[in-house]
Amino acid sequence: MRGLLAGRKVAFADAIASRFAYWIINRKGPPDAQVQEALERERRRYLQRIGVEIGFFLALWVAMLMLLPDWIVIVTALVLVMVVPRGWLLAREMVATPALFRPAEAVPGLLDEVARACETSEAAAIYFKEVKRQRRPLMRVEALALVTVPQLDENDWLDQVEAE
């Protein structure tokens, strides 16, 4: 129950972009097809979890209406307080999260920002060259991470083994 009410502390897009930034700084290289599929499965599970939360609250509403029919207005108001924000989040994430894995070329100016980031960060330049070597389009979430990397303190993001 605590997990249902706690919510997600970090937006899904930020969590994925942070993972890419970590890979870029630690020179892990671009994800292969298996990792990309795992990220897509994680996205689907995230959306399913939100849907399950909404279903739980709606089932709770039906149960409360059966047990307390005189309190229909109060029960409905309480459930709406819980369901409407989760429904809004689900709708927003269903639109936003697929866009993370689409090619970055569709966003005007994003590749220019990536080029500037590659000039200031060696790790970003190495990662971008590796993506080009794979002959695949740069994903939007990768571009977001590449643009963000020069602004990060890379020492905070290094693996413990590399930091020592």
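The values are calculated or read from the model by the stated rules, or taken from the named source; none is laboratory data. Since the structure is predicted, the reported quantities are computational estimates derived from the model, not experimental observations. Cβ placement follows ideal geometry from the backbone for every residue including glycine, while neighbour counts extend to all protein chains displayed. Ligands, DNA and RNA are stripped out before the accessible areas are found, and what is left, the full protein with its side chains, is counted by its heavy atoms. Shrake-Rupley method; radii C 1.70, N 1.55, O 1.52, S 1.80 Å.
Label points 7 Å out from Cα along the Cβ direction at residue 40 and residue 116: separation in nm?
Placing both labels 7 Å along Cα→Cβ, they lie 3.3 nm apart.
Go ahead and estimate [θ] at 222 nm for the chain from helices alone: -39,500 (n - 2.57) per DSSP H run with n ≥ 4, summed, over the residue count, rounded to 500.
-24000 deg cm²/dmol
Given the protein chains as shown and a 1.4 Å probe, how many square angstrom of residue 80 are accessible, to the nearest 10?
About 90 Å², rounded to the nearest 10.
Put +1 on the Cβ of every Lys and Arg and -1 on every Asp and Glu Cβ in segment 54-120; which of 101, 72, 84 then has its Cα farthest towards the positive end of the dipole?
After comparing all options, I get 72.
Placing +1 at every Lys and Arg Cβ and -1 at every Asp and Glu Cβ, with all other atoms neutral, what dipole size does segment 1-94 have around its Cα centre, in debye to the nearest 20?
360
Mind checking the per residue accessible area of the chain for me, 1.4 Å probe, whole number of Å²?
63
Using a 1.4 Å probe over the heavy atoms of the protein chains, calculate the carbon and sulfur portion of the accessible area of segment 26-164 as a whole percent.
Of all accessible area on segment 26-164, carbon and sulfur atoms account for 63 percent.
Provide the per-residue ³J(HN,Hα) series for segment 35-52, in order, calculated from phi with Karplus coefficients 6.51, -1.76, 1.60 and θ = phi - 60°, each as a whole number of Hz, with x at glycine and proline positions.
Taking θ as phi minus 60°, the curve returns 5, 4, 5, 5, 5, 5, 5, 4, 5, 5, 5, 4, 5, 5, 4, 5, x, 5 Hz for segment 35-52.
With contacts defined as alpha carbon pairs under 8 Å and 6 or more residues apart, what's the relative contact order of the chain in percent?
Dividing the mean separation by the residue count of the chain yields 35 percent.
What's the center-to-center distance, using Cα atoms, between segment 88-153 and segment 18-37 in Å?
Distance between centres, Cα-based: 11 Å.
Work out from phi, with θ = phi - 60° and the Karplus expression 6.51 cos²θ - 1.76 cosθ + 1.60, the ³J(HN,Hα) of each residue of segment 134-142, listed in order in whole Hz, and give x for Gly and Pro.
Values, residue by residue: 6, 6, 10, x, 6, 6, 4, 5, 5 Hz.
Would you mind telling me which residue in 72, 16, 50 has the biggest mean-square fluctuation in a Gaussian network model of the chain, where springs connect alpha carbons within a distance under 10 angstrom?
72
Are there any trypsin sites (Lys or Arg not before Pro) in segment 48-136 that are in a DSSP loop and have at most 13 other Cβ atoms within 10 Å? List them by number.
Filter output for segment 48-136: 135.
Tell me, what ³J(HN,Hα) does each residue in segment 19-28 have, in order and in whole Hz, if you take phi through Karplus 6.51 cos²θ - 1.76 cosθ + 1.60 with θ = phi - 60° and put x for Gly and Pro?
5, 5, 4, 4, 5, 5, 5, 8, 6, 7
Hey, got the dipole for the chain? About the Cα centre, +1 on K and R Cβ, -1 on D and E Cβ, debye to the nearest 20?
Dipole size: approximately 640 debye.
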